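The structure appears right after this line, and notes come after that.
The values are calculated or read from the model by the stated rules, or taken from the named source; none is laboratory data. This is a predicted model, so every value here is computed, not measured. Don't worry about glycine lacking a Cβ; one is built from the backbone with ideal geometry, like all the others, and counts go over all protein chains shown. These accessible areas exclude ligands, DNA and RNA; they are computed on the full protein's heavy atoms, side chains included. Shrake-Rupley method; radii C 1.70, N 1.55, O 1.52, S 1.80 Å.
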Amino acid sequence: MNHNDGGSVMLKISPREGPRPDTTPCAPHTQISQNPDATSYSAFKDRAFDFPFVTRQPSMISVPGAEALCLEQGRGCGCREAFMIGNEFAHVHPPQDGSLHMMLPEDAVPQIVDLGWAEPHPMAAAGMIPSTAVMVYAPRNNAEIETVLDLLRLSYDFACGKLGRVDSFVL
């Protein structure tokens, strides 16, 4: 991820390989195919919470066993659309699922969806929650772990109020 002069961000993300996984069409929004093996899930989670001023706690809005990334009180400067509930900006689903829900800048969402890494949350598609809410598919290997961590970093920067616009993705 590179920050430009104007406060915008450029992400270098390649398209996700293969077809999209199957997911449930409603809440709870779950990934039901292409789930990660235990090694990939563990390797991802070992790094997913490694952001400054982020606490790891049970999600306030997801299924039992989901772990949330929450900014410490007073650290969130992003707009309301950068958070799911309270100071929770992302959460990782339990190992049998492995996907994440996160809030991403509105102008980044269509690009990340087009690249095959995410889909809109069904409640966002229905207009019940902000359009910044997406499911990012579970990483299946080391290269995908790096990409999903980049997306999680984007969500973190959005929650911290560090972003202007996400201008473009360089493939």
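Quick check: with the 1.4 Å probe, what order do CYS160, CYS77, CYS26, CYS70 take by accessible area, largest first?
So the residues, ranked largest to smallest area, are CYS77, CYS26, CYS160, CYS70.
Pick from GLY18, GLY116, GLY78 the residue whose mean-square fluctuation is largest in a GNM of the chain, springs joining Cα atoms under 10 Å.
Largest GNM mean-square fluctuation: GLY18.
If LEU115, LEU100 are ordered by their accessible area, calculated over protein heavy atoms with a 1.4 Å probe, which sequence runs from highest to lowest? If you can, show how the numbers build up before the last one.
On the way: LEU115 20, LEU100 0 Å².
Putting LEU115, LEU100 in descending order of accessible area: LEU115, LEU100.
Using +1 at the Cβ of each Lys and Arg and -1 at the Cβ of each Asp and Glu in the chain, identify which of GLN31, HIS91, PRO19 lies farthest towards the dipole's positive end.
Sorting the options by dipole projection puts first HIS91.
How much of the accessible area of the range 1-100, in percent, comes from carbon and sulfur atoms when a 1.4 Å probe is used? Write out the running numbers ahead of the final one.
On the way: 2820 of 5360 Å².
Of the solvent-accessible surface of the range 1-100, carbon and sulfur hold 53 percent.
Please give me the summed charge of the neighbours of MET103: other residues whose Cβ is under 12 Å from its Cβ, Lys and Arg +1, Asp and Glu -1. Can you show the working numbers first?
Values: positive: ARG80; negative: GLU81, GLU88, GLU106, ASP157.
Summing Lys/Arg as +1 and Asp/Glu as -1 gives -3.
Counting Lys and Arg as +1 and Asp and Glu as -1, what is the net charge of the other residues whose Cβ lies under 15 Å from the Cβ of PHE83? Provide the component values of the computation, followed by the final result.
Working: positive: ARG75, ARG80, LYS162; negative: GLU72, GLU81, GLU88, GLU106, ASP157.
The answer is -2.
Return one whole number: the accessible area per residue of the chain in Å², for a 1.4 Å probe. Intermediate results must be reported in sequence, preceding the final value.
Working: 7990 Å² over 171 residues.
Value for the chain: 47 Å² per residue.
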